[in-house]
Amino acid sequence: MRTDMRIAVLGATGMVGSRVVDEANARGRRVIALSRRPVGRTAGSPNVTPVGVDANDSRAVREALVGSASHGRVEAVVLTVRTMPVDEEFLVGTTRAVLDIAGELGIRVLVVGGAGALRSPEDSQLLVADNTAFVPADIKAVAAAGVAQLRTCQSHAKADWVYLSPPALLEPGLRTGGYRRGTDTLLIGADGRSWISAEDLAVAVVDELDTPGPDQHITVVHHTERPST
């Protein structure tokens, strides 16, 4: 396990990205927080270096990963970018650019993707993106973009990547520090829900960076009853 790893988080102000920054910072990892907007509450930590980067600018992304006077070269990058409304072209293009850069520099990539790319628990031939029990018509485009993002990773020959699909529901909540891990099939918790908090997803992200597993497509789900509010 590496405790001195330098991690870049692209999309560091989003729901997932901000929590990955928090989790990595809390464990004493050195974090390069990449976003167009200034990073919030952890920006004052000596372990967090905020860097203004537009994910559309592949040259700026590459420079941030190579390192500068303010921070050294990173060893892993977590890609957490999302758009609302969904922009599949942007998502696929950014993912491909990060994989290209990482493959050239020898940097590991962890992509926080979508649940739509998982197999359905009751039918392994049916993707969650095509399963109306989990994906209603109004979010079909979001799920399809996640599938395209995974296919982009799978078609990349050089980069060292892992694609982490959340369960069907991902939302802000409590950090319990626990979760159940799976591979390419949607997981259902003991309470019948396919759910995890963004905080516990961040725990899974940093765990995977610290101790990589053998699988390139993984997923997680909460391990106890959903916390009440």
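Observations on the model:
- Size descriptors for the chain: radius of gyration and Dmax over Cα atoms are 16.6, 52 Å.
- Against the chain, whose longest principal axis comes from its Cα atoms, helix 140-154 is set at around 60 degrees.
- Around the Cα centre of the chain, unit charges on the Cβ atoms of Lys, Arg, Asp and Glu (plus for the first two, minus for the last two) sum to a dipole of about 580 debye.
- Calculated P(r) tail over 20 Å for segment 70-155, as whole % of Cα pairs: 40 percent
- Taking a point 7 Å out from the Cα of Gln216 in the direction of its Cβ, the residues of segment 150-183 whose backbone N falls within less than 19 Å of it are 150-166, 182-183.
- Computed [θ] at 222 nm, helices only, for the chain once each DSSP H run of length n ≥ 4 contributes -39500 (n - 2.57): -9500 deg cm²/dmol
- Each of Ile218, Leu99, Cys153 was placed along the dipole of segment 68-220 (beta-carbon charges, centred on the mean Cα), and the one lying farthest toward the positive end is Leu99.
- Compactness of segment 62-109, expressed as Rg and Dmax over alpha-carbon positions, Å: 12.1, 36
- At full extension, Arg27 and Thr185 could sit 54.0 nm farther apart than now, given 0.36 nm per residue minus the alpha carbon distance.
- Shown is the FRET efficiency for Ala157 and Ala133, computed with R0 = 41 Å from the Cβ-Cβ distance and rounded to the nearest 0.05: 0.70.
- FRET efficiency for the pair Thr224 and Met15, taken as 1/(1 + (r/R0)^6) with r the Cβ-Cβ distance and R0 = 30 Å, rounds to 0.90.
The numbers here are math on the coordinates, done by the rules we state, and not lab data. Here the structure is a predicted model, which is why all the values come from computation and not from measurement. Because the Cβ atoms are built from the backbone with ideal geometry, glycine has one as well, and the counts that use them run over all protein chains shown.
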